[in-house]
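Participant: Let me begin by handing over the structure; questions about it come next.
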Amino acid sequence: MRKAVRRLGGWAVSALLFPLTVYPPNRLTAQTDTLRATALRIAQTRPDSARAMMRRLLARLAPQDSLYPGALFTAGLLASDAGTVATNMRRVVIEYGRSVWADSALLVLAQLYYAQGDPAATVQATERLRQDYPDSPLRARAAFTGARGYIELKDDAHACPLIQEALDHAGSDVEFKNQVEFYAARCTASSATAPAGAPGGAGAGAAGDSQAKAASTVASYAVQVLAVKSAAQVDDMLTRLKVMGFDARVVRDSSGLFKVRVGRYPTHDEAVKAQRRLKTRLGGQPFVVEEP
C-alpha cells in the first residue's frame, strides 16, 4: 500500500483513503447539507465532478458556518493529492478542533501517514486523537492504526496495549476485528517467548511493576517554537519542521493559542540540544518546556 502511494502519485490517494478511513456511518448521511453525501457517492465513478462540487460548496460557505468543517473534511477526503488531503485535515483539526469532524480528520491523517511510510507521524496523530478525544467512537480505529505505526518502529511495548484496546472495542465489525486479531496473535507470541527475568517475562514480578509505575510519572520535555492564534502560521511552521525532519505537533491551551512543539525528550539535556538545533535552523527564541 505504501509503495502504491509513492508509485502512483496523487490520483491514488483518494482510492486508498476511502477503504482506509472508517467513521460512524451517520457522520455524513445525517448532515443537513446532503451535497457532501452526494459528492462522496459521485466520487466513486466521477471523482473530478465530486471535487468540483466541494470546491463550489466551500466557496459559498463562510469559514464561520457550522457546515464549513464538514465540507472542508469532505473536500480533503476527495482530494487527488496527498498534500491537499493533509492540508485540509490539519485545518479541520487546528481551526475546528471542537467540531465533530476533528477526530475523523486526525484518523485520516494517521492513515495517510501510515500509507506514506511515516510511522512516527502515524503514532503522533493517533496518540493526539486518543488524548484529545477520549470519548471518540473512532478510538478503537485510532488505537489499531497507532499500533501498526509502533510495530513499524519496532516498539511492541507500546503497540500491543493498543492492539488489545482496539480488540476490546472492536464492537460488531467482524472485518475490523479479524484485522486486529491478526496482530493480536503477534503480541501473544511475543509475550510467550519473553525470557524469564525480562520485562513481561516470568521473572518480572512486583519490582518490574513498581518501575513501570514510577516511569509513568516522570515528566518529559519538549521545545516550543511558536504560540499563535493563526492557523495559517501553524500550518506553515508544521510544514517547515516536517521538511527539516523534526517531530512537531500542536498543543491547544485554554486561551485559544496554538502552540507548536517539537519532540518528547526524556531528559532536559536532550531537549536543550534540540533547542539549539532549532534556533540555528529556524531562528527566533525556541525554549524548553516540561510536559506531564
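Participant: How large is ³J(HN,Hα) for each residue in segment 102-115, as worked out from phi by the Karplus curve 6.51 cos²θ - 1.76 cosθ + 1.60 (θ = phi - 60°), to whole Hz, x for Gly and Pro?
Facilitator: Couplings: 5, 5, 4, 5, 5, 5, 4, 4, 4, 5, 5, 4, 5, 5 Hz.
Participant: Let me ask you something else. As an exercise, identify the trypsin sites (Lys or Arg not before Pro) in segment 27-116 lying in DSSP coil whose Cβ has no more than 13 other Cβ atoms within 10 Å. Before the final figure, lay out each step's value.
Facilitator: Working: sites: Arg27, Arg36, Arg41, Arg51, Arg55, Arg56, Arg60, Arg90, Arg91, Arg98; in loops: Arg98.
In loop regions of segment 27-116 (DSSP not H, G, I, E or B), the sparsely surrounded trypsin sites (Lys or Arg not before Pro) are Arg98.
Participant: In addition: With label points built 7 Å along Cα→Cβ from the Cα atoms of Leu35 and Leu257, find their separation and express it in nm.
Facilitator: About 3.8 nm separates the two model spin labels.
Participant: From the backbone phi of segment 234-241, what are the Karplus-calculated ³J(HN,Hα) couplings (6.51 cos²θ - 1.76 cosθ + 1.60, θ = phi - 60°) in whole Hz, Gly and Pro given as x?
Facilitator: 4, 4, 5, 5, 4, 5, 4, 5
Participant: Would you mind computing Rg(Cα) / (2.2 N^0.38 Å) for segment 220-291, counting N as its residues? Intermediate results must be reported in sequence, preceding the final value.
Facilitator: Numbers: Rg = 11.4 Å, N = 72, 2.2 N^0.38 = 11.2 Å.
Normalised Rg, Cα atoms only: 1.02.
Participant: Per residue of segment 278-292, what does 6.51 cos²θ - 1.76 cosθ + 1.60 with θ = phi - 60° give for ³J(HN,Hα)? Whole Hz please, x for Gly and Pro, Karplus curve as stated.
Facilitator: Values per residue, Gly and Pro as x: 5, 5, 5, 8, 9, x, x, 10, x, 9, 7, 10, 9, 10, x Hz.
Participant: Can you sort Met89, Met53, Met237, Met244 so the residue with the fewest Cβ neighbours within 10 Å comes first? Don't jump to the answer; show the numbers that get you there.
Facilitator: Numbers: Met89 27, Met53 22, Met237 19, Met244 13.
Listing Met89, Met53, Met237, Met244 from fewest to most nearby Cβ atoms yields Met244, Met237, Met53, Met89.
Participant: Amide H to amide H under 5 Å from Glu291: which residues, 5+ apart in sequence or cross-chain, H placed 1.01 Å off N in plane?
Facilitator: Residues meeting the criterion, in which the H sits 1.01 Å from N, are Ser220, Tyr221, Ala222.
Participant: Taking a 25 Å limit on the Cα-Cα distance, which of the listed pairs Lys154/Lys177; Lys242/Lys273; Lys154/Lys242; Lys177/Lys259; Lys259/Lys279; Lys177/Lys242 fall beyond it?
Facilitator: The answer is Lys177/Lys259; Lys177/Lys242.
Participant: Here's something else I'd like to know. Would you mind getting me the FRET efficiency between Arg60 and Phe287? Use the beta-carbon distance for r and R0 = 30 Å, nearest 0.05.
Facilitator: Working: r = 43 Å, r/R0 = 1.43.
The computed FRET efficiency comes out at 0.10.
Participant: Any chance you could run the full-extension gain for Leu153 through Arg276? It's 0.36 nm times the residue separation minus the Cα-Cα distance, nm to one decimal. Intermediate results must be reported in sequence, preceding the final value.
Facilitator: Working: separation 123, 0.36 × 123 = 44.28 nm, distance 2.62 nm.
Here the segment from Leu153 to Arg276 would lengthen by 41.7 nm.
Values in this text are rule-based calculations from the coordinates and carry no lab data. Values in this document were obtained by computation on a predicted structure and should not be read as measured data. Backbone-built Cβ (ideal geometry, glycine too); neighbour counts: all protein chains shown.
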